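Colleague: Have a look at the structure that comes next, please.
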């Protein structure tokens with residue numbers, strides 16, 4: 001079976017992290033014996049180039065059996081044309097946060113663009129959103145399709161190794177007198193991640209609790225501004241540790257040293273870092289975004305995370321120093337559901353169903 005992936009985001013020399021979740025889907029499908037080619041295009045110039053690349057690909061590789069469109073984007077026009085011209089079915093995996101009301105970007109598109117998005121969606125054999133929350137948001141935006149099926153993002157196997165549940169790292173570190181460690185990982189896009197709201201809560205907690213630290217992993221468009229904001233809070237020395245951007249394996253290592261994980265986002269379509277933290281056995285404190293309801297030990301309301309730092313600090317205190325008679329939820333209920341093998345088989349089955357008209 002040959003599958004053509006069309007995606008606006010994909011790792012490159014320019015940005016090694018862009019569309020990493022798409023690359024992991026590609027690798028998972030290839031591991032099932034599927035022949036996959038990828039055409040990535042974000043700008044209109046790249047999109048025009050992708051049409052030229054497709055013509056070359058057609059001569060050297062042939063036509064695909066199925067097209068996988070990642071995100072209803074410009075390349076949806078190519079997927080639509082391939083269906084109309086060659087009767088090649090396509091499915092959509094949707095990751096875009098623009099449908100979420102907290103983002104609102106889809107509803108700010110022109111009526112013509114929204115109509116084109118709707119047409120592309122209606123012609124797909126299936127839409128595979130990465131969370132139920134995203135599916136509901138898309139449907140409220142008027143996106144219609146005959147079949148919807150949730151698809152997970154892939155959690156790398158090394159996140160599952162040496163979990164907290166197996167090794168009781170949190171208790172051991174506490175008994176040894178080491179400081180409690182709260183971990184936060186994000187791309188430092190303040191509009192989405194609300195890191196400053198987290199820092200305000202950290203300031204409140206630092207005034208009544210010692211012997212702990214917040215480790216902030218990542219970089220991004222607002223990284224310098226967030227660090228500058230942290231300076232204005234006059235936090236005690238040692239409360240914050242900034243690592244900058246780390247590789248996924250390095251993130252997994254930070255998780256093994258941490259006692260809990262916190263996510264303060266205003267919105268997420270999925271939140272792969274939540275699944276990774278859960279796989280590592282960390283208790284999670286999160287706003288109600290993406291898959292948080294499935295994996296978090298504590299959910300902090302958005303109003304609290306954004307506007308009530310004192311109350312947010314109480315949530316953080318509970319995740320770091322939980323009541324002894326109320327152990328916090330950790331881990332994943334179904335680890336296999338997040339592994340590459342499971343997800344690769346799910347996608348291959350979807351493609352098979354397209355070819356046999358079972359969808």
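Bear in mind that the values in this text are calculations on the coordinates, not laboratory data. All of these numbers come straight from a predicted model, not from anything done at the bench. All Cβ positions, even for glycine, are placed from backbone atoms using ideal geometry, and neighbour counts span all protein chains on display.
Colleague: Between (i) 67, 42, 36; (ii) 68, 62, 32; (iii) 95, 62, 42, which matches Cα extents along the principal axes in Å calculated for the structure shown?
Modeller: (i)
Colleague: Let me ask something additional. For a protection proxy built on the mean count of beta-carbon atoms within 10 angstrom, sort 94-107, 276-289 highest first, please. Walk me through the intermediate numbers first.
Modeller: Values: 94-107: 18.7, 276-289: 26.0.
The peptides rank, most packed first, as 276-289, 94-107.
Colleague: Given a Förster distance of 35 Å, report the FRET efficiency between residue 122 and residue 241 from their Cβ-Cβ distance, rounded to the nearest 0.05. All intermediate terms of the calculation are to be shown ahead of the outcome.
Modeller: Values: r = 49 Å, r/R0 = 1.40.
Plugging the Cβ-Cβ distance into 1/(1 + (r/R0)^6) gives 0.10.
Colleague: Would you mind calculating the relative contact order of the chain from Cα pairs under 8 angstrom and at least 6 residues apart, reporting the percent as a whole number?
Modeller: Numbers: 657 pairs, mean separation 61.7, N = 359.
Contact order relative to length: 17 percent.
Colleague: What's the angle, to the nearest 10 degrees (0 to 90), between helix 20-30's Cα axis and the longest principal axis of the chain?
Modeller: 50 degrees
Colleague: Ranking 54, 42, 159, 312 by Cβ neighbours within 10 Å, fewest first, what do you get? List each step's numbers first, then the result.
Modeller: Values: 54 21, 42 18, 159 24, 312 27.
Ordered from fewest to most neighbouring Cβ atoms within 10 Å, 54, 42, 159, 312 come out as 42, 54, 159, 312.
Colleague: Further question: Once fully extended, how much extra length lies between residue 257 and residue 352, figured as 0.36 nm per residue of separation less the alpha-carbon to alpha-carbon distance? The partial results should precede the final answer.
Modeller: On the way: separation 95, 0.36 × 95 = 34.20 nm, distance 4.26 nm.
Here the segment from residue 257 to residue 352 would lengthen by 29.9 nm.
Colleague: Can you compute the modelled spin-label distance between residue 52 and residue 294, with each label point 7 Å from Cα toward Cβ, in nm?
Modeller: 4.1 nm
Colleague: What percent does the relative contact order of region 157-335 come to when contacts are Cα pairs within less than 8 Å and at least six residues apart? If you can, show how the numbers build up before the last one.
Modeller: Working: 329 pairs, mean separation 47.9, N = 179.
Once divided by the residue count of region 157-335, the mean separation gives 27 percent.
Colleague: Relative contact order for region 1-153 using alpha-carbon pairs under 8 Å, separation at least 6, rounded to a whole percent? Present the calculation step by step, with values, prior to reporting the outcome.
Modeller: Values: 245 pairs, mean separation 31.4, N = 153.
Across region 1-153, relative contact order equals 21 percent.
Colleague: Moving on to the next point. Set the Förster radius R0 to 30 Å, insert the Cβ-Cβ distance between residue 314 and residue 132 as r into 1/(1 + (r/R0)^6), and round the FRET efficiency to 0.05. Could the numbers behind the result be given before it?
Modeller: Details: r = 28 Å, r/R0 = 0.95.
For residue 314 and residue 132, the calculated efficiency is 0.60.
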